[in-house]
Amino acid sequence: MIAFVVRRVLASIGVMIAVGLIAFAMFRYVGDPINQMVGVETSVAERAQLREELGLNDPAIVQALRFLARAARFDFGVSYQFKQPVADLIGARMPATLELAFVASILSLAAGIPMGVYSALHRDSALSRLFQALSLIGISLPTFLTGILLITLFSVVLGWLPSFGRGDVVRLGPWWTTGFLTVSGLKSLVMPATTLALFQMTLIMRLVRAEMLEVLRADYIRFARARGLSESAIHFRHALKNTLVPVITIVGLQLGSIVAFSIITETVFAWPGMGQLFLQSIQNVDIPIMAAYLLFIAFMFVTINLVVDILYVSVDPRLRASLHGMHG
Amino acid sequence: MSWSLKVRTFAVAAICAATAILAVALAPGAEAKTLRFAFQGELKSVDPYQINESFSLSVNGAVYEGLVRRGPDMKIQPCLATSWDVLDPLHWRFHLRKGVKFHEGQDFTADDVIFSARRVLSAGSDLKGRIPADARIVKVDDYTVDFLLKSPNPLLINEWESWGMFSKSWSEAHGAAEATAMNATTPPYAGLHANGTGPFILVSHEPGVKTVWRKNPNWWDTPKHNIDDVVFTPIPNAATRVAALLSGEIDWMDPVPLNDQARVNANPGAEVLAGPEIRTIFLGMDQFRDELGHSSVKGKNPFKDVRVRKAFYQAVDEDAINKKVMRGQATPSALLIAPALFSRSKDFKRFPFDPEASKKLLAEAGYPDGFEVQMDCPNDRYVNDEQICQAVVGMLARVGVKVDLNAEPKSKFFASISAAGGYDSSFYLLGWTPTTLESYNVFQYIVGCRNEKTNWGGNNVGDYCNPSVDALARKALQEPNETGRDDDFAQGWQIALFDDVGYIPLHQQALAWGVSKTTHVIQRPDNYYIFAWVTMD
């Protein structure tokens with residue numbers, strides 16, 4: 001088991017190094033950071049000197065290794081645009097993104113599971129058809145369009161919800177700001193979280209529906225019926241419980257992508273999270289921020305996968321046996 | 001986590017929550033006036049010396065004031081200097097305002113001016129052009145400063161509105177004596193904190209998220225504004241920015257996309273404040289390579305022939321561009337400078353749009369069937385930039401020139417057309433705002449023969465070059481009075497744009513601010529956002 005974990009950790013580090021290298025290989029196609037750092041009147045000589053000082057003339061691989069070597073010591077450099085440490089900038093934005101992702105996940109579960117269960121149990125009802133249609137919209141409408149439609153309806157026409165930003169936030173300790181404790185903070189969360197949750201909700205609903213249909217056909221359900229258990233006991237105590245195992249796995253893995261793909265939602269709602277920071281940094285060719293963000297996202301995915309792998313091994317006796325078998 | 005720690009954490013959270021609720025409940029009502037302002041980009045630093053960019057300079061101007069400032073009519077006014085004398089063309093004397101205090105209480109004196117001059121010339125500053133590097137700055141007494149120049153420069157103070165005064169003692173106490181170096185590894189104090197003499201005091205700055213100011217109750221001048229606080233938020237998405245204005249969540253924003261202007265004006269609570277901007281949009285052509293790149297022409301460069309350049313000029317229907325692409329909001333221009341900035345503007349008329357003449361010129365130049373060339377165009381820099389280029393492509397097709405449009409985000413566009421990219425463009429669209437608000441700046445950076453050592457012609461991508469034009473611009477700088485200067489500039493424009501057709505001017509684009517009906521702002525053509533002129537009902 002320990003050998004397995006060590007192997008997986010080493011592989012994870014390998015993945016992160018690879019992400020760093022690929023990122024720096026791509027940065028040259030994003031544009032020239034110098035033009036975004038100085039005004040148009042700055043002389044050619046000054047620009048050249050700056051390029052040299054920032055190490056932008058070095059080959060991509062040298063820049064990548066230099067960045068990774070510093071990152072290993074948790075030094076992510078200073079943003080070209082803001083002249084502030086990248087770790088501080090990302091750290092200040094992280095609570096906004098994580099709170100948004102958290103609420104979106106809860107929302108997608110709270111809506112997706114009941115909808116999935118209902119449409120599995122009442123396959124041909126009108127409501128099920130409505131859910132199916134909604135889920136089609138959820139999958140096919142691009143996030144920015146959903147976001148703008150929501151804003152137009154709830155901010156401009158009805159005036160109920162704020163169209164941008166995080167509202168008032170409360171500082172909890174040195175590292176965290178929360179929007180959960182103010183009215184404006186909670187109101188601000190509604191639309192971005194809904195927008196971000198829509199796709200996940202669709203996914204969960206479809207997954208629950210498919211799994212539930214599968215489980216309802218299983219022998220133990222038939223035996224449960226034969227035993228004369230009530231329909232609700234069969235559906236919710238036996239069927240749903242067994243449906244949820246794969247759902248929870250998927251949701252765990254999807255948490256990573258919610259954080260990673262909140263970029264568009266954050267930009268539409270001017271949500272001051274990491275995604276917006278990343279998008280700004282692409283426009284500004286702010287290499288330190290781009291590199292650190294990509295590395296952070298890679299770290300998150302790698303960690304989630306690592307945890308899932310370890311959990312599987314410790315939960316599933318068959319996998320454990322095969323590991324022992326490998327060791328002979 | 002121990003039990004007691006958990007309890008304590010919970011208690012802290014509860015207190016925070018209670019405070020927050022109280023704060024909401026006790027928030028002052030109609031009394032405090034807060035101006036909520038949004039822009040498409042972010043404020044990169046609260047240190048104005050960090051980047052020479054009009055957004056940063058104008059917003060930071062609420063905190064840091066210069067020796068002079070400009071009024072709503074763009075005329076230079078006294079500010080921290082009450083008056084100045086040009087004792088001789090090389091010797092300027094400035095009399096400083098007495099009794100001015102910085103926000104943190106320091107007195108403003110001659111030492112601060114001398115310090116600020118040194119800081120603006122320090123390695124990390126992007127505003128080095130504000131002061132000639134070889135000027136000597138001498139303290140006469142606490143409230144008198146002399147600037148001793150090596151060569152005459154009647155435009156010395158033209159850009160001084162945006163050269164804000166720093167407090168010497170404050171900067172030195174916080175390690176901010178030099179502008180932050182571009183490759184700094186430690187966070188600069190002056191990037192998050194500010195201490196100027198201006199009408200607003202910086203309260204907080206979260207880079208890229210939010211910046212808050214409050215009014216300076218001890219400002220030396222009588223405020224024209226009636227606002228207590230200013231909150232700035234970047235809202236990058238144009239649709240969201242418009243929605244936020246229409247829903248009354250912001251009072252003032254820039255820019256309103258052309259497509260949304262009718263919708264904003266139809267709304268009872270907000271309107272578009274449009275006006276001419278001093279930025280000129282123009283087309284440039286590669287006139288220095290012996291073989292034109294990105295084109296079908298081999299072994300020669302058609303743009304070296306003035307007939308081809310004029311043919312391109314006359315093929316472009318600027319009135320149609322203005323009508324269709326700019327919705328009539330632009331001002332077609334014969335020059336690379338806005339009429340407001342050049343007294344002789346009305347003497348110049350664009351070459352007429354004439355596709356037949358254009359075809360004839362091309363045939364005379366040896367291209368009866370036209371040729372193929374790539375056009376480089378930014379797609380996120382100027383108002384409808386990509387659409388302008390698409391229109392130009394269509395118009396040139398009618399005279400037989402096949403143009404491949406290469407529209408890119410500004411980060412890529414400027415990377416390839418700049419010196420670092422080897423000025424890699426054959427035909428391009430660019431915009432320019434002369435920060436000194438007169439012609440010399442345009443000759444210096446756009447029209448002048450390119451010389452990397454002297455930073456002359458630094459943005460002359462196609463390297464149009466006529467030494468007699470350069471000579472006229474340099475001669476103008478020796479002229480102490482504006483009329484004399486403008487005569488020289490007029491001659492220069494005649495040669496550069498009409499005899500040589502070095503560039504194809506298109507138009508001055510329009511400003512479009514979105515403003516709520518209860519907020520009254522003053523729009524200056526240089527697109528500065530001046531909080532000190534805002535009043536709210």
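Summary table below
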{"item": "Positive dipole terminus of segment A:86-327, leading residue within A:VAL86, A:PHE164, A:TYR118 (C-beta point charges)", "result": "A:TYR118"}
{"item": "Proximal lysines to B:LYS128, defined as alpha-carbon separation beneath 22 angstrom and excluding residues fewer than eight positions away on the same chain", "result": "A:LYS83, B:LYS44, B:LYS139, B:LYS150, B:LYS168, B:LYS453"}
{"item": "Helix runs (DSSP H) in chain A reaching 30 Å along axis by Cα, Kyte-Doolittle at least -0.5", "result": "A:2-27, A:86-121, A:183-216, A:287-315"}
{"item": "Loop-located GluC sites (Glu not before Pro) in segment B:23-110 whose Cβ has at most 13 other Cβ within 10 Å (DSSP)", "result": "B:GLU31"}
{"item": "Cα gyration tensor category, rounded, prolate or oblate, for segment A:135-207 with a/c compared to 1.5", "result": "oblate"}
{"item": "Partner aspartates and glutamates for B:LYS101 [C-alpha distance under 19 Å; skip if fewer than 8 residues away on the same chain]", "result": "B:ASP47, B:GLU65, B:ASP111, B:ASP112, B:ASP141, B:ASP142, B:GLU161, B:GLU172, B:ASP221"}
{"item": "Rg to Rh quotient for segment A:8-151, alpha carbon positions, Kirkwood Rh", "result": "1.16"}
{"item": "Of the DSSP H helices in chain B, those whose Cα atoms cover at least 24 Å axially and whose Kyte score averages 1.0 or more", "result": "B:3-26"}
{"item": "Cα-based radius of gyration of segment A:86-327 once divided by 2.2 N^0.38 Å, which approximates compact folds", "result": "1.19"}
{"item": "Shape category assigned to segment B:390-537 from the gyration tensor of Cα positions, a/c cut at 1.5", "result": "oblate"}
{"item": "Computed [θ] at 222 nm, deg cm²/dmol, chain B (DSSP H ≥ 4; -39,500 (n - 2.57); rounded to nearest 500)", "result": "-7000 deg cm²/dmol"}
{"item": "Values of log10 I(q)/I(0), in the order q = 0.20 Å⁻¹, for segment A:83-140 under a Debye, Cα-only, solvent-free model", "result": "-0.78"}
{"item": "From phi via Karplus (6.51, -1.76, 1.60), per-residue ³J(HN,Hα) for segment B:437-448 in Hz, x at Gly/Pro", "result": "6, 7, 5, 3, 4, 6, 4, 5, 9, 10, 9, x"}
{"item": "Zone of B:ARG263's modelled label, taken as backbone nitrogen in segment A:239-267 under 20 Å from a point 7 Å along Cα→Cβ", "result": "A:264-267"}
{"item": "Contact order relative to length of chain B, as percent, for alpha carbon pairs under 8 angstrom and 6 or more apart", "result": "18 percent"}
{"item": "3J(HN,Hα) from dihedral phi, segment B:285-296, Karplus parametrisation 6.51/-1.76/1.60, rounded to Hz, x for glycine, proline", "result": "10, 5, 10, 10, 6, 6, 10, 5, x, 6, 8, 8"}
{"item": "Expected-Rg normalisation [2.2 N^0.38 Å, Cα atoms] applied to chain B", "result": "1.07"}
{"item": "Between segment B:123-169 and segment A:28-91, the Cα center-to-center distance that results, in Å", "result": "30 Å"}
{"item": "Kirkwood hydrodynamic radius over Cα pairs of segment B:316-405, then Stokes diffusion coefficient at 10 °C and 1.306 mPa s, in µm²/s", "result": "108 µm²/s"}
{"item": "Alpha-carbon spread of segment A:2-72, three principal axes, descending order, Å", "result": "59, 19, 17"}
{"item": "Length released on extending from B:ASN481 to B:ASP347, taking residue separation times 0.36 nm less the Cα-Cα span", "result": "46.3 nm"}
{"item": "Other-chain or far-sequence residues with amide H under 5 Å of B:HIS91's (modelled H)", "result": "B:LEU149"}
{"item": "Check: the protein assembly as shown dipole with +1 on Lys, Arg Cβ and -1 on Asp, Glu Cβ, in debye", "result": "2940 debye"}
{"item": "Value of relative contact order over chain A, rounded to a whole percent, pairs C-alpha under 8 Å and six or more apart", "result": "26 percent"}
{"item": "Rg/Rh ratio calculated on Cα atoms of the protein assembly as shown (Kirkwood radius)", "result": "1.02"}
{"item": "Relative pair counts by distance (%), Cα atoms of segment A:85-207, 5 Å bins", "result": "2, 11, 16, 18, 17, 15, 10, 6, 3, 1, 0, 0"}
{"item": "Two-site FRET efficiency, A:THR249 against B:ASP290, from Cβ-Cβ distance with R₀ of 60 Å, rounded to 0.05", "result": "0.40"}
{"item": "Cα convex hull of segment B:197-247, projected area averaged across orientations, nm²", "result": "4.7 nm²"}
{"item": "Cα-based reach from B:LYS360 at 22 Å (exclusive), listing lysines while leaving out same-chain residues under 8 positions away", "result": "B:LYS298, B:LYS300, B:LYS304, B:LYS310, B:LYS349, B:LYS402"}
{"item": "Cα-projected label distance for B:ILE76 with A:ALA233, points at 7 Å along beta-carbon direction, nm", "result": "9.3 nm"}
{"item": "Of the chymotrypsin sites (Phe, Trp or Tyr not before Pro) in segment B:242-342, those whose Cβ has at most 11 other Cβ within 10 Å and which sit in DSSP loop", "result": "none"}
{"item": "Rg/Rh (Cα only; Kirkwood hydrodynamic radius) as it applies to segment B:277-510", "result": "0.94"}
{"item": "Contact order normalised by residue count of segment A:2-72, Cα under 8 Å, 6+ apart, percent", "result": "45 percent"}
{"item": "Furthest towards positive pole of dipole, A:ALA233, A:THR194, A:LEU207, structure part segment A:190-267, Cβ charges", "result": "A:ALA233"}
{"item": "Charged-residue dipole, Cβ positions (Lys, Arg, Asp, Glu), segment B:277-510 about Cα centre, Debye nearest 20", "result": "200 debye"}
{"item": "Once exposed loop chymotrypsin sites (Phe, Trp or Tyr not before Pro) are cut out (DSSP; at most 10 other Cβ, 10 Å), longest piece of chain A", "result": "A:176-328"}
{"item": "Cα-only Debye scattering, segment B:204-315: base-10 log of I(q)/I(0) at q = 0.15, 0.18, 0.21, 0.22 Å⁻¹", "result": "-0.83, -1.00, -1.19, -1.24"}
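Quick note: the coordinates plus some simple rules give every number you see, no bench work behind them. Predicted, not measured: the structure shown is a model, and the values here were computed from it. When we count neighbours, we look across all protein chains shown, and the Cβ atoms used for this are built from the backbone with ideal geometry, even at glycine.
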